[in-house]
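Here's the structure, in structure tokens; my notes come after.
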Amino acid sequence: MMNKIMKEYSARRLKVGSSDEAREALRGLNNEENNTGAMTCEDLPTKKSKHHAADKKKIVRRSKSYTDKDLSRYAKALRKTTTLEELNLGWNKITLLNKRFNQAISCNSTLKKIYLIGNEIGDRGIAKFADALKQNETLEVVGLSNNQISDKGVASVADALKTNRSIRKLYLSSNYIKAEGAKLLADALRVNASLQECWLNDNDISAQGAEAFADCLKVNQSLLQLHLWGNDVGDNGASFLASSLKFNRSLRMLCLSNNSIGNWGATSFSFALMVNQSIKELLLFDNEIPDEGAERLAKASVSNPSINNLDLSGNKISVDVLRVLESYDAIRV
């Protein structure tokens, strides 16, 4: 799975997943629309149309100014389809308050991926959608980044995760999630055993939210990737998460870039890497790590055969130390 994570995560050399939502997870900056096999608006079933939603596997209709009124046609398609696996309605004006659409999601048995990045869902809309997720048994990827969702809305998502057993990837980047929301999600992941990737980049969970995830990781054994870029977790939050790696045996990627992490946080991870043998990618670029912390991480990486990507680029590392770090196979500077 990790071999698929080869796309650029940001201006730095950060690896990410290959899906639409993964490329857009930080702020949804990707403007390319993948229309391969996609179903256009004209392809949707009408009285005169020869095309049918039941014959399609993928619908991609981004940036069309769609509102909830337009969701009714997709609700009809979701009820009739026997093959539709992916629905991408990103960058529209959808609030998810369309009752028919949410009912269709709850009973649909073919859809595996739904991307709703960059809409206007908010807390009210996500509460309705989360109710549908409690009933749906096939969705594996849910993209909700950049949707004005706060801790109140995340409470609904967390509640759904306690019963849903199909979702593998959840994208909630660039919302209004703070420490309380992070605590609710982390609490849900104590009982959820199916989620493998959690994307919370560009929120504001702080050290308190990081601590909640750290406690969760001590017992959760299903999560493979945790993305917390740009959440102001600082040294305290980094230290909490580093401590959890001494107990966790499932996490493969941890992203804590752009989090004001300094020497203390880096040192904490150096100790963790000497114990944990499962983490493969630790992304700490664009922090405030000085020479001392960088050197300790480098030495720890040598004793850890599993780590293959330790990204320390964009930190406060001197030229002399950078030259030394370049000789380490796993380190990116």
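The values are calculated or read from the model by the stated rules, or taken from the named source; none is laboratory data. Please read these numbers as outputs of a predicted model, since none were measured by experiment. Methodologically, a virtual Cβ is constructed for each residue, glycine included, from the backbone with ideal geometry; neighbour enumeration extends over all protein chains shown.
Conditions (1) among the polar types (S, T, N, Q); (2) farther than 21 Å from ASN220 by Cα; (3) crowded, with 24+ Cβ neighbours inside 10 Å, marked per residue:
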position: ILE126; (1), (2), (3): no, yes, yes
position: ASN147; (1), (2), (3): yes, yes, yes
position: ALA155; (1), (2), (3): no, no, no
position: LYS162; (1), (2), (3): no, no, no
position: SER174; (1), (2), (3): yes, yes, yes
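So which residues in segment 76-104 are surrounded by fewer than 16 Cβ atoms within 10 Å (Cβ to Cβ), among the basic types (Lys, Arg) and either assigned to a loop (DSSP other than H, G, I, E, B) or touching a Pro at 6+ places or on another chain (Cβ under 8 Å) (or both)? Across segment 76-104, the qualifying residues are LYS80, LYS93. None of PHE271, PHE247, PHE240, PHE213 is surrounded by fewer than 23 Cβ atoms within 10 Å (Cβ to Cβ) and within 22 Å of the chain's Cα centre (by Cα) except PHE240.
Hey, does segment 289-297 have a residue that's over 26 Å from the mean Cα position of the chain (by Cα) and either closer than 28 Å to ALA188 by Cα or buried (at least 21 other Cβ atoms within 10 Å of the Cβ) (or both)? Checked segment 289-297: at least one residue is over 26 Å from the mean Cα position of the chain (by Cα) and either closer than 28 Å to ALA188 by Cα or buried (at least 21 other Cβ atoms within 10 Å of the Cβ) (or both).
Taken over segment 258-292, the criterion of being touching an Asp or Glu at 6+ places or on another chain (Cβ under 8 Å) and part of a loop (DSSP other than H, G, I, E, B) is satisfied by ASN258, ASN259, SER260, ILE261, GLY262, LEU284, PHE285. In segment 259-277, the residues that are without any contact (Cβ under 8 Å) to a residue 12 or more places away in the chain form no Cβ pair under 8 Å with any partner that is in a loop (DSSP other than H, G, I, E, B) and among the small types (Gly, Ala, Ser), whether six or more places apart or across chains. For segment 105-141, the set of residues classified as outside any helix (DSSP H, G or I) and among the small types (Gly, Ala, Ser) consists of SER109, GLY118, listed by residue number.
Please specify each residue of segment 302-323 satisfying the condition of being assigned to a helix (DSSP H, G or I) and either among the basic types (Lys, Arg) or at pLDDT 95 or above (or both). Answer for segment 302-323, where residues must be assigned to a helix (DSSP H, G or I) and either among the basic types (Lys, Arg) or at pLDDT 95 or above (or both): VAL319, ASP320, VAL321, LEU322, ARG323.
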